[in-house]
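In what follows, a structure is listed as structure tokens, so that the remarks can point back to it.
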Amino acid sequence: MRKMTKSDRAKLVPSSRLVLSGRNADDSFGFVNPPIVRGSTVVYPKFEDFMARRSRFTYGTKGNPTLEALETALNDIEGGAGVVVVPSGLLACTLPLLACLNAGDHLLVTDSVYLPNRQFCEKMLKRLGIEVSYYDPLIGGGIASHFKANTRAVMTEAPGSQTFEMQDIPAIVAAAHARDIVVLMDNTWATPLYFDAHAFGVDYSIQAGTKYPAGHSDVLIGSISARTPEQFKLLRETWETLGVIVAPEDAFLTLRGLRTMTLRLAHQQQAGLEMAKWLQQRPEVARVLHPALPDDPGHAIWKRDFTGASSLFTIVLKPASRKALAAMLDEMTFFGMGASWGGYESLALPFEATNYRTVTKWQPEGPTIRLHIGLEDVSDLKKDLDEGFARLRTADA
């Protein structure tokens, strides 16, 4: 096989790019997959080599061949200046905040943000002297009215990972960049395959690689892609300074998951839409929150900016008791109750977002359940939910 450059790979469609990215036959002794390289210490052949750190890899906390292969593959699909990989999706959200903020700065965060990220802002950033405030995720370009003289960054998430508000990312980016303010985006729901964050001007594109990239619910990992070389330099320096290295086995498993990501996403997108449309017809369901549905409030933005949808969405039930909700969920066959998503298995997560919103009101008609549609046959998933709805009705009868 001939070697392909980064520019060569950039011309390929995503599925082909993901098959080739991060592979180097010279480093792999001819094997298809890069080997797992474990190690802390790198030895140097000569004194002058050691003093000048003349080596491709210098120490375990600075990276290794397995991690480099994953970084290369992720960078190929993100299209930015460089990627760093971290041990969790949460750290992928928090590390770039530490990179681009200093004491005295002001950060704006969407009110629909991932809850652990909000907790980091409240517990850690404020303690470091960074001012944090929240904004309505639907504000679009109106976010400019919230800028202060010390505003340095805006944290976005589209859609919100529980309540699925679709943010107008281009409008937010335009307003922020007019004031030299950095924009960060949690793009885990769409992935770079369905939303090209850097093409829309996002400075730091964040992924919980635990979800669709790894794809098998057996890895905790995250990644951050920087749009410009200057931003990547700052990000990489922060990553190295904190020593947040990823285990080579986790890097290998994520790289393996990337090879089939386009196929899994395509299948799960269709299955998710079929399930969402079916649930819209259920008498127990008040609303389905899925941006790819034509009647969803965020559909116009999704259709304008996104090229696809993943298999995560929320249903709002009509009023039902806690006992009835437990009866529905406790005996599910295929839908496990779990907080993650993006794997091969379907999940149902009951949640309550009312208590931690600060600038917007979340007032659902009844209980809310976030559903992740996995790789099971949709007929089995419909049957599972149908039986669950029967238990819900019986419990409240």
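The values are calculated or read from the model by the stated rules, or taken from the named source; none is laboratory data. Predicted model only: the values in this text are computed from it and were never measured. All Cβ positions, even for glycine, are placed from backbone atoms using ideal geometry, and neighbour counts span all protein chains on display.
At-a-glance table
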read-out: Cβ pairs under 9 Å, 6+ apart, first in segment 341-359 and closer than 14 Å to residue 272 by Cβ and free of Cβ contacts under 8 Å to residues at least 60 places away in the same chain, second among the acidic types (Asp, Glu) and surrounded by fewer than 17 Cβ atoms within 10 Å (Cβ to Cβ); value: 346/376
read-out: Which numbered condition residue 85 misses (of (1) in contact (Cβ under 8 Å) with a residue 60 or more places away in the chain; (2) assigned to a strand (DSSP E or B); (3) more than 22 Å from residue 340 (Cα to Cα)); value: (3)
read-out: Condition met for residue 274 (more than 22 Å from residue 100 (Cα to Cα), in the same structural domain as residue 313 (by TED's automatic domain parsing) and surrounded by fewer than 23 Cβ atoms within 10 Å (Cβ to Cβ)); value: yes
read-out: Top-ranked residue in segment 30-52 [being surrounded by 10 or more Cβ atoms within 10 Å (Cβ to Cβ) and among the aromatic types (Phe, Trp, Tyr); ranked as nearest to the chain's Cα centre (by Cα)]; value: 31
read-out: Failed criterion for residue 374 (all others in (1) closer than 30 Å to residue 222 by Cα; (2) modelled with pLDDT of 95 or more; (3) not in a loop (DSSP other than H, G, I, E, B) hold); value: (3)
read-out: Residue match in segment 314-328 (condition: in a strand (DSSP E or B), touching a helix residue (DSSP H, G or I) at 6+ places or on another chain (Cβ under 6 Å) and in contact (Cβ under 8 Å) with a residue 24 or more places away in the chain); value: yes
read-out: Extreme residue, farthest from residue 99 (Cα to Cα), among residues of segment 171-216 that are small (Gly, Ala, Ser) and in contact (Cβ under 8 Å) with a residue 40 or more places away in the chain; value: 215
read-out: Answer from 302, 239 - the residue that is aromatic (Phe, Trp, Tyr), crowded, with 16+ Cβ neighbours inside 10 Å, assigned to a helix (DSSP H, G or I) and not assigned by TED's automatic domain parsing to the domain that holds residue 213; value: 302
